[in-house]
Amino acid sequence: MEEVELPDKLIHVAEYSILPVLFFRFLLFAAPKALSKYYFWLGVIFASVVAIGDELYQSRVPTRYMDFYDFLADVTGIGLTALGWFVWRQWRKQK
């Protein structure tokens, strides 16, 4: 059986597309009410800070390196999920 290898950047997009949803749900249902009002933007910001932190951390690991394009792929995953969440929420409001 032939092994299929996914491109590295596609994996970054997929991994970071999950993180904003986790932050959105936390900010909506478990965080103080003052934070839940701004859950969307805070979720995007928190996920982006994690992406920056991940790349900075990798710069300190001997066999790894920091890559700006990895960060862009991370932010792309965050942005696509945020856009999908926003569209879905607007669609649900109209129903």
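The values are calculated or read from the model by the stated rules, or taken from the named source; none is laboratory data. Everything quoted here is computed from the prediction, not taken from an experiment. Calculation scope for accessible area: heavy atoms of the full protein, side chains included, ligands and nucleic acids excluded. Shrake-Rupley method; radii C 1.70, N 1.55, O 1.52, S 1.80 Å.
Given Cα positions, please report Rg to Rh for the chain, the hydrodynamic radius being the Kirkwood one.
1.08
Under a straight-distance cross-link criterion of Cα-Cα below 18 Å, which lysines are reachable from K37, leaving out those fewer than 8 residues away in the same chain?
K93
What angle do you read, to the nearest 10 degrees and between 0 and 90, between the alpha-carbon axis of helix 39-58 and the longest principal axis of the chain?
Roughly 10 degrees, rounded to the nearest 10.
Accessible area per residue of the chain at 1.4 Å probe, in Å²? Before the final figure, lay out each step's value.
Working: 7210 Å² over 95 residues.
On a per-residue basis, the chain sits at 76 Å².
Please give the contour-minus-distance gain from S59 to I11: 0.36 nm per residue of separation, less the Cα-Cα distance, rounded to one decimal in nm.
On the way: separation 48, 0.36 × 48 = 17.28 nm, distance 1.90 nm.
In short, 15.4 nm is gained.
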